[in-house]
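Data first, discussion second: the structure below is written as structure tokens.
The values are calculated or read from the model by the stated rules, or taken from the named source; none is laboratory data. What you see is a predicted model; the values in this text were computed from it and never measured. Note that we place each Cβ from the backbone using ideal geometry, even for glycine, and neighbour counts take in every protein chain shown. These area figures cover heavy atoms from the full protein model, side chains too; ligands, DNA and RNA do not enter into them. Shrake-Rupley method; radii C 1.70, N 1.55, O 1.52, S 1.80 Å.
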Amino acid sequence: MSKSTLLSVNNLNVSIDDKHILHDVNMQINEGEAHVLMGPNGAGKSTLGYALMGNPQYTINSGEIIFAGNDITEESPDKRAKAGMFLSFQTPLEVPGLTVESFLRSALEQRTGKRIKLFDFKKKLAAAMELLQLDPSYAKRDLNVGFSGGEKKKTEILQLLMFRPKLAILDETDSGLDVDAVRLVSKGIKTYLEEENGALLVITHSTRILDAFDIDKTHVIVDGRIVADGDASVVDDINENGYEKYIELAGK
């Protein structure tokens, strides 16, 4: 059975502060697929994630973003989130005065437009926290305040499991994590893929987080341009040989 197209990025050009960052980026992600975007530092990986999510600091000069059959190129971030897009931050923000539990429940209700029964919510939250080995007391703590780097990243994956988006964009989720934290975060991502048939775009320059699940397609970005597309073997090639040949491709 062929999979339906979930995200189409067509000839996307993006600037920030009048600096042209992304050049004619094209990408297609189908339902249930896991993609990885790799490239050297400063290649434009995070810029693409923020542009897809509608961060107002990034200006789309031309091109289009089609999500679930709708043109969302000019849509606000909250409308993209309600449509089923999710972005985990490379550096999650601390939000004093708002507990993890309150944030999750409020965000879920805003996304669905429905009241959520407290019992059902708490049951689902407890199961997700157990999977990630997060102490239940963290639900009552202010969002990311005083959390370690690993705890912040686990909380991002907790949001992924609770929100169940159609497409999850994970920006350097494994950055700064130890081996045990990577294992738990990877377990959460794998659960999302298996239980929700969700689509995934992992933005990374490392590959540890990719060991837990199958990659359908790899994209390599250099100097704001997609210079190569391939399967999981591209990841192996980068691990063995680095980015040199891809940087050469960008110069052609």
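Considering LEU167, LEU143, LEU104, the condition of being touching a Gly at 6+ places or on another chain (Cβ under 8 Å), among the hydrophobic types (A, V, I, L, M, F, W, C) and modelled with pLDDT of 90 or more is satisfied by LEU167 alone.
Is there a residue in region 89-96 that is open to solvent by 20 Å² or more (accessible area, probe 1.4 Å) and in a strand (DSSP E or B)? Within region 89-96, one or more residues are open to solvent by 20 Å² or more (accessible area, probe 1.4 Å) and in a strand (DSSP E or B).
Say whether the condition of being buried (at least 18 other Cβ atoms within 10 Å of the Cβ) and under 20 Å from LYS166 (Cβ atoms) is met by at least one residue in region 55-67. Among the residues of region 55-67, at least one is buried (at least 18 other Cβ atoms within 10 Å of the Cβ) and under 20 Å from LYS166 (Cβ atoms), which makes the answer yes.
What number of residues in region 69-80 are assigned to a loop (DSSP other than H, G, I, E, B), touching a helix residue (DSSP H, G or I) at 6+ places or on another chain (Cβ under 9 Å) and open to solvent by less than 40 Å² (accessible area, probe 1.4 Å)? Residues meeting the conditions: 1.
Of the residues examined, ILE215 is not one that is hydrophobic (A, V, I, L, M, F, W, C), crowded, with 22+ Cβ neighbours inside 10 Å and touching a strand residue (DSSP E or B) at 6+ places or on another chain (Cβ under 9 Å). Among the residues of region 23-32, are any over 25 Å from PRO92 (Cα atoms), open to solvent by 10 Å² or more (accessible area, probe 1.4 Å), free of Cβ contacts under 8 Å to residues at least 24 places away in the same chain and not in a helix (DSSP H, G or I)? Yes - at least one qualifying residue is present in region 23-32. Within the option set LEU193, LEU210, being open to solvent by less than 20 Å² (accessible area, probe 1.4 Å) and more than 12 Å from the chain's Cα centre (by Cα) holds for one residue only, LEU210. Against the test of being touching a residue at least 24 places away in the same chain (Cβ under 8 Å), open to solvent by 20 Å² or more (accessible area, probe 1.4 Å) and over 30 Å from THR47 (Cα atoms), the options LYS117, LYS124, LYS154, LYS166 yield a single qualifying residue, LYS124.
For region 37-54, state whether one or more residues are part of a loop (DSSP other than H, G, I, E, B), surrounded by 22 or more Cβ atoms within 10 Å (Cβ to Cβ) and over 15 Å from the mean Cα position of the chain (by Cα). The answer is yes; a qualifying residue exists. For region 7-22, filtering for residues that are at pLDDT below 95 and crowded, with 21+ Cβ neighbours inside 10 Å leaves 0.
Each residue in region 97-108 was checked for being surrounded by 14 or more Cβ atoms within 10 Å (Cβ to Cβ) and part of a helix (DSSP H, G or I), and 8 of them qualify. Picking from residues in region 80-111 that are in contact with an Asp or Glu (Cβ under 6 Å, 6 or more places away or on another chain) and touching a residue at least 60 places away in the same chain (Cβ under 8 Å), the one that is farthest from GLY149 (Cα to Cα) is SER88.
Checked against (1) touching a Ser or Thr at 6+ places or on another chain (Cβ under 8 Å); (2) in contact (Cβ under 8 Å) with a residue 40 or more places away in the chain; (3) open to solvent by 10 Å² or more (accessible area, probe 1.4 Å), GLY230 passes all but a single condition, namely (2).
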